[in-house]
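Working notes, structure below.
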Amino acid sequence: MTKQELIKELAKRACEGRLAFFIGAGFSKAVMGKYASGPLKGKDRALSWIDLLSEVAKRFGVEDVIPYKKCVHPFDCPQIASVMVKAIHEKSGDPIAECEAHVKDCVCQLTNWYPDKDRKVGWADIFDAIHPSVIVTTNYDHVLEDLLEKDAVSLSSTDALPTSFDEEYLIYHIHGVRNRPDDIVLTREDYIKAMRPFSYRQIRLTTLLRENSVLYLGYGRNDLNILSALDVAQQTFPDLKDGCFSSIHVQVERDGVGADEIVESMLSNKA
């Protein structure tokens, strides 16, 4: 399938209401942009996963548990978070559960970023034109809710997903959302619980990935979340005949085909 054929097929799925967005940290970073002035000029205003963990470690004085960032694979971040919680426990003497709660509170405080008014221009129009059937995100922040404002319905990792809804955008934070620290999926232990095959979260996510084509935005190559989602989509219901749940899964990479190009092409094909 050529790039143009793929884009036409994605546009068709969007028209049919069978195109989902799966959104990662790179999306928030792109929307937020960089600091224009001040001591952080030129730096991203939204943090990557490892940068977020590094900042938390600084707040608790355990920076030494964070390895050299360029050597960190995304697979390592949950384990790094667990090590950080243990280091805080050993330093403070507080119970592990209490230390973990403090870390998650800190994560929620640090992800309190929102785009400036001028950076919000046009995003709602793009979402309205494509109107994804559901938006799944691993982000804790409320950037999507801020872009879509009153049209957004925000759900955390432990909320039941409605089987149908009106014209609102359903935003499903599968790793939790910043205004509910207890729901945050951060440590290795959290991920083990979240990935249990018969948990509500996994069953509902599996259904979404099988019933929709998916456009992945804001993830790096070989990201843990992408690999996990693709495995779920490919391995679930293997006894069904090909075509019963025909879906397309496409990852947009910043160093490959630009997201702007894909979106513009999809909009022209929907017209």
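Per atom type, region 1-110 shows carbon and sulfur on 55% of its accessible surface, probed at 1.4 Å. Applying a threshold of 28 Å to the alpha-carbon distances of 41/117; 150/193; 43/120 flags 150/193 as lying beyond it.
Spin-label model, residue 12 to residue 97: label points 7 Å out along the Cα-to-beta-carbon direction sit 5.4 nm apart.
The calculated FRET efficiency for residue 79 paired with residue 119, based on their beta-carbon distance and R0 = 25 Å, is about 0.15. Here the contact order of region 1-160, divided by its residue count and restricted to Cα pairs under 8 Å and six or more residues apart, works out to 31 percent. For the residue pairs 3/34; 58/104; 29/86, alpha carbon separations beyond 19 Å are given by 3/34; 29/86. A simple spin-label model places pseudo-atoms 7 Å from Cα toward Cβ; at residue 158 and residue 4 they are separated by 5.2 nm.
Its relative contact order, with pairs defined as Cα atoms under 8 Å and 6+ residues apart, puts region 82-190 at 29 percent. Once the Cα-Cα distance is subtracted from the 0.36 nm per residue extended length, the residue 58 to residue 112 segment shows a gain of 17.7 nm. Ordering 205-216, 85-96 by mean Cβ neighbour count within 10 Å, with the highest value first, yields 205-216, 85-96. Computed on the Cα atoms alone, the convex hull of region 116-199 gives a volume of 109 cubic angstrom per residue.
Annotation note: GluC sites (Glu not before Pro) in region 101-168 located in DSSP loop regions with a Cβ neighbour count of at most 10 within 10 Å are 167.
For region 1-55, chymotrypsin sites (Phe, Trp or Tyr not before Pro) meeting the loop criterion (DSSP other than H, G, I, E, B) and having at most 12 other Cβ atoms within 10 Å: none. Each label point was placed 7 Å from the Cα along the Cα-to-Cβ direction; for residue 105 and residue 146 their separation is 2.3 nm.
The values are calculated or read from the model by the stated rules, or taken from the named source; none is laboratory data. Computed from a predicted model, the values in this text were never measured in an experiment. Glycine also receives a Cβ, built like all others from the backbone with ideal geometry; neighbour counts cover every protein chain displayed. These area figures cover heavy atoms from the full protein model, side chains too; ligands, DNA and RNA do not enter into them. Shrake-Rupley method; radii C 1.70, N 1.55, O 1.52, S 1.80 Å.
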